[in-house]
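The values are calculated or read from the model by the stated rules, or taken from the named source; none is laboratory data. Because the structure is a prediction, the values reported are computed rather than measured. Cβ sites come from the backbone with ideal geometry, for glycine too, and all protein chains shown count toward neighbours.
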Amino acid sequence: MLEGNVTKPVFTWDPNLGASREQQALAGLHGLIHRFPNLDLPVLLLTPPLKTTWLENTALESLLYARIDPVVAQGTHEAFFQLQRADGLFPCMLGADQPDQPAIGKGFGQIQQNVPLARTAWELAQLMGKEDFLDRAYAACGRFDDWIRTFRDTRKTGLVEMFCTYDMGQDNSPRCTHIGMPGGCPDNDAANCPRYENLPVLAPDLSAVVFGGRRALAAMATALGKTAEATMWTERAESLRHLIIKHCQDPDDGFFYDVDPRGRHLHFRGSQLFPLVQEHVLTQAEFEPLWCRYLGNPHEFWTPYPFASYSVSDPYFERKLPGNSWGGPANCNLGLRTLLWMEHYGRQSELKTLMQRWVSIHLRHPGFIWQVNPWTGDPSVNYGDLGFFTNNLPMGNFSVCYLAYLEFTRRLGLIAP
């Protein structure tokens with residue numbers, strides 16, 4: 001149950017324990033590097049029990065892992081490029097459905113790209129200085145944008161449509177469950193919209209991810225000397241930014257909502273707000289009122305262990321969790337992605353607080369925790385209890401948790417850079 005009144009957490013650092021946890025995180029990440037027999041590339045997996053990696057995590061996590069091993073970072077990106085569908089859709093996941101399944105499989109039942117693959121590929125290309133990688137990334141990510149424009153603008157608004165819950169990986173988020181949105185798409189094909197009267201919705205977060213991808217494509221095109229194409233991508237990005245604000249932002253409360261087929265805002269204050277700041281859709285002037293009213297408000301998202309994945313004052317906030325949930329718990333994915341936006345918007349002090357809170361979570365529990373009660377910082381669910389894995393792991397020991405610990409302690413100056 002997500003409830004509790006707590007005093008303000010006080011951060012303390014034990015160098016010996018911190019160093020021990022650093023070694024555990026590094027060893028955990030090393031154990032997540034895998035080569036599939038029919039894909040001769042080193043790939044960063046999500047978690048040990050099932051040999052899978054998911055696009056919603058992989059883009060950012062493999063980029064951050066480049067500080068440790070850029071070859072693995074490149075291999076993980078190249079895996080998604082190589083297994084891209086002929087029509088341009090990236091697989092939402094790669095890996096084995098069962099622990100003893102040797103060959104790599106791929107899923108196309110949803111988009112599940114929470115950080116643009118184009119953005120992380122562009123940053124990785126700059127880090128590595130490899131123009132051949134940049135060429136492949138630009139071509140692959142351009143084809144994906146073509147797929148988006150072909151299959152996810154059925155209402156011809158110019159915005160990006162969300163067909164299913166897993167398009168943004170938001171399991172059990174009230175914005176999805178309360179309108180009857182199914183998990184995946186029919187026939188496991190993200191091009192197919194389920195037949196529900198509330199679908200498709202115009203999604204501000206999915207649109208923001210595509211916006212960020214277009215900005216990265218513009219930068220790639222410039223670096224490759226494709227001036228006309230760079231202008232095209234910039235214009236497409238700016239057009240999408242304008243449409244997000246025009247159609248998804250409610251003029252009365254300033255929040256960004258999904259828009260149903262009848263043009264109505266669906267008033268669920270969930271984590272769809274975060275990709276807008278993550279991808280810098282908003283100017284500083286547009287950001288400030290959203291920070292004061294929502295993101296930095298302790299009665300909305302800025303809980304003692306930030307950020308709650310759903311506004312704690314929204315009537316649909318989930319106090320009794322159905323398990324893995326984006327209906328309220330603080331999530332390590334959201335925590336790690338703050339590196340993409342908090343400094344950009346001048347929130348360095350708050351970022352330091354957030355990093356300290358997540359480091360304290362990882363220090364005081366035996367596992368590296370992914371999902372916690374936003375008031376107490378205690379694990380909110382156990383994956384073993386849900387029957388997802390054969391061993392009774394806490395909801396953690398994922399690549400995102402290891403990397404959050406390493407990145408946060410490094411940026412706080414607690415471990416060597």
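If you take the residues of the range 96-123 that are within 18 Å of ASP167 (Cα to Cα) and of a type in the set (Gly, Ala, Ser), which of them is modelled with the highest pLDDT?
Across the range 96-123, the extreme among qualifying residues is ALA118.
Which of the residues that make up the range 152-185 are under 15 Å from CYS248 (Cβ atoms), surrounded by fewer than 20 Cβ atoms within 10 Å (Cβ to Cβ) and either without any contact (Cβ under 8 Å) to a residue 40 or more places away in the chain or not small (Gly, Ala, Ser) (or both)?
ASP153, ARG155, THR157
Spot the failing condition for TYR166; the list is (1) in a helix (DSSP H, G or I); (2) more than 18 Å from the chain's Cα centre (by Cα); (3) more than 16 Å from ALA219 (Cα to Cα), and only one is missed.
It is condition (2) that TYR166 fails.
Which one of these is surrounded by fewer than 18 Cβ atoms within 10 Å (Cβ to Cβ) and either among the acidic types (Asp, Glu) or modelled with pLDDT of 95 or more (or both): LEU64, LEU89, LEU60, LEU26? First the steps, then the outcome.
Numbers: LEU64 fails: surrounded by fewer than 18 Cβ atoms within 10 Å (Cβ to Cβ); LEU89 fails: surrounded by fewer than 18 Cβ atoms within 10 Å (Cβ to Cβ); LEU60 fails: surrounded by fewer than 18 Cβ atoms within 10 Å (Cβ to Cβ).
Of the residues listed, the single one that is surrounded by fewer than 18 Cβ atoms within 10 Å (Cβ to Cβ) and either among the acidic types (Asp, Glu) or modelled with pLDDT of 95 or more (or both) is LEU26.
Can you work out which of the residues in the range 168-185 that are of a type outside the set (S, T, N, Q) and in contact with a Gly (Cβ under 9 Å, 6 or more places away or on another chain) is nearest to LEU266 (Cα to Cα)? Walk me through it before giving the result.
Pass one, the range 168-185, residues of a type outside the set (S, T, N, Q): 168-169, 171, 174-176, 178-185.
From what is left, the residues that are in contact with a Gly (Cβ under 9 Å, 6 or more places away or on another chain) are 171, 174-176, 183-185.
Working: ASP171: 18, PRO174: 11, ARG175: 8, CYS176: 10, GLY183: 18, GLY184: 20, CYS185: 21 Å.
Looking at the filtered set, the residue picked out is ARG175.
Is the range 124-146 home to any residue that is surrounded by 21 or more Cβ atoms within 10 Å (Cβ to Cβ), within 16 Å of CYS248 (Cβ to Cβ), modelled with pLDDT of 95 or more and not basic (Lys, Arg)?
Checking the range 124-146: not a single residue is surrounded by 21 or more Cβ atoms within 10 Å (Cβ to Cβ), within 16 Å of CYS248 (Cβ to Cβ), modelled with pLDDT of 95 or more and not basic (Lys, Arg).
Could you list, in sequence order, the residues of the range 311-337 that are of a type in the set (Ser, Thr, Tyr) and touching a residue at least 60 places away in the same chain (Cβ under 8 Å)? Working first, answer last.
Our first condition is that a residue be of a type in the set (Ser, Thr, Tyr); within the range 311-337, this holds for 311, 313, 316, 325.
Passing the criteria: TYR316, SER325.
Within the range 271-290, which residues are surrounded by fewer than 20 Cβ atoms within 10 Å (Cβ to Cβ) and under 18 Å from TYR257 (Cβ atoms)?
Going through the range 271-290, the residues surrounded by fewer than 20 Cβ atoms within 10 Å (Cβ to Cβ) turn out to be 280, 283-286, 288-289.
Once the filter is applied, which keeps residues that are surrounded by fewer than 20 Cβ atoms within 10 Å (Cβ to Cβ) and under 18 Å from TYR257 (Cβ atoms), the range 271-290 yields GLU286, PRO289.
Would you confirm, using the coordinates I've provided, whether ILE244 is assigned to a helix (DSSP H, G or I) and either touching a Phe, Trp or Tyr at 6+ places or on another chain (Cβ under 6 Å) or farther than 24 Å from ARG85 by Cβ (or both)? Before the answer, list the steps.
On the way: assigned to a helix (DSSP H, G or I): yes; either touching a Phe, Trp or Tyr at 6+ places or on another chain (Cβ under 6 Å) or farther than 24 Å from ARG85 by Cβ (or both): yes.
The answer is yes for ILE244.
Quick check on my filter: what residues within the range 371-397 are modelled with pLDDT of 90 or more and in contact with a helix residue (DSSP H, G or I) (Cβ under 8 Å, 6 or more places away or on another chain)?
GLN371, VAL372, GLY377
With the requirement that a residue be touching a residue at least 24 places away in the same chain (Cβ under 8 Å) and either crowded, with 20+ Cβ neighbours inside 10 Å or small (Gly, Ala, Ser) (or both), what does the range 346-361 give you?
Taking the range 346-361 and keeping what is touching a residue at least 24 places away in the same chain (Cβ under 8 Å), we get 346-347, 350, 352-361.
Selection gives GLY346, LEU354, MET355, ARG357, TRP358, VAL359, SER360, ILE361.
Quick one: in the range 186-205, of everything that is in contact (Cβ under 8 Å) with a residue 40 or more places away in the chain and in a loop (DSSP other than H, G, I, E, B), which residue is surrounded by the fewest Cβ atoms within 10 Å (Cβ to Cβ)?
Once the filter is applied, the top-ranked residue is GLU197.
State which residue is nearest to the chain's Cα centre (by Cα) when the search covers only the range 67-80 and only residues that are buried (at least 22 other Cβ atoms within 10 Å of the Cβ) and aliphatic (A, V, I, L, M). Walk me through how you get there before you give the answer.
Kept after step one, since they are buried (at least 22 other Cβ atoms within 10 Å of the Cβ), are these residues of the range 67-80: 73-74, 76-77, 79-80.
Still in the running and aliphatic (A, V, I, L, M): 73, 79.
Values: ALA73: 17, ALA79: 19 Å.
The qualifying residue nearest to the chain's Cα centre (by Cα) is ALA73.
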